[in-house]
Every structure is written in C-alpha cells, then in structure tokens.
1. Whose amide H sits under 5 Å from the amide H of Y81, counting only residues 5 or more places off or on another chain, with H placed in the peptide plane?
2. Mind checking the angle between helix 28-40 and the chain's longest principal axis? C-alpha axes, 0 to 90 degrees, to the nearest 10.
3. When you take every Cα atom in the range 1-90, what is the radius of gyration, and what is Dmax, the widest Cα pair distance, in Å?
4. Taking every pair of distinct Cα atoms and averaging 1/r, then inverting, what Kirkwood hydrodynamic radius in Å comes out for the range 63-120?
5. Check which residues have an amide H placed less than 5 Å from Q89's amide H, if you skip close sequence neighbours.
6. Per-residue HN-Hα couplings for the range 70-79, Karplus 6.51 cos²θ - 1.76 cosθ + 1.60 at θ = phi - 60°, whole Hz, x for Gly and Pro?
7. Counting Lys +1, Arg +1, Asp -1, Glu -1, what net charge surrounds G22 among other residues with beta carbon under 15 Å of its beta carbon?
8. Using a 7 Å offset from the Cα along the Cα-to-Cβ direction at both S66 and E47, what is the distance between the two label points in nm, to one decimal?
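The values are calculated or read from the model by the stated rules, or taken from the named source; none is laboratory data. Just so it is clear, the structure is predicted and the values come from calculations on it, not from any experiment. Note that we place each Cβ from the backbone using ideal geometry, even for glycine, and neighbour counts take in every protein chain shown. Protein only, heavy atoms only, side chains kept; ligands, DNA and RNA dropped before computing areas. Shrake-Rupley method; radii C 1.70, N 1.55, O 1.52, S 1.80 Å.
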Amino acid sequence: AEIYAYVRESASQYTTPDFFIGYGIPDFDNALTLGLENQFNSKFDFEIFPNPVISDLVVKLPYSISSATIMIHNLFGQLVYENQLESMQPIHMEALPNGLYVLTICTATQDAVSFKVIKE
C-alpha cells in the first residue's frame, strides 16, 4: 500500500487527476526517492552503541531532535537512570550491575522508543 501511494504521488497529474488519465504517468525514480526519504524519517532513527555496553553507552538522536529524556529501567521495572541528554552524549553505566535493561527515549515531537541494552 505504501509503494502504491508513492507511485501515485510521483505521477505527472497527482495534484490534479482527471477522468482521462487519472493521476497521470508515474515517475518510478521519483517514487523511489519518496520512499527512501520516508524510510529515513522514521522514528527508528535513534541509534545506541555499543550494545552490549561495558562502561559508556552513546545515544545518537535524529538530526531533527537536539535533546531527549533518557530513562533506563531494570527488568523489575525500577527506574535506575533518568536524565536529559543531547545527541552523542555518553551515559555512564559503570555503576550498574551486569544484566539486561530497557532504555526508553522520550522526546517532545515523537513517541517514546525503547531499546534493550545489555550491560556486561
């Protein structure tokens, strides 16, 4: 359905369709460009590394977001870390015991995104 929408949006008469040729002649190169642009604008542009982490965890935010609230919960649901961070600012995790954690990134413009993080 998404590909169909991109092809229709790339057509020559997309803004003014008629009964003769509908949306017009599609431009598949333009449809590919539209699809790739939307793929890279997804909410999954957040990156965390390294994972598994030993000491410092880095969170890379999308270019459109300058800062976000980072929360880390253990598997019991207890909040073990919360802070407002900017992109590429390290999170010091040396004090946390080894195990599995859930890192949640909250921003004002996007839904919260969660990642599993392994602390070694």
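1. Under 5 Å from the amide H of Y81: I72.
2. Roughly 20 degrees between the two axes.
3. 21.1, 64
4. 12.0 Å
5. V59
6. 10, 10, 10, 10, 7, 6, 8, x, 7, 6
7. -2
8. Here the modelled spin labels are 2.2 nm apart.
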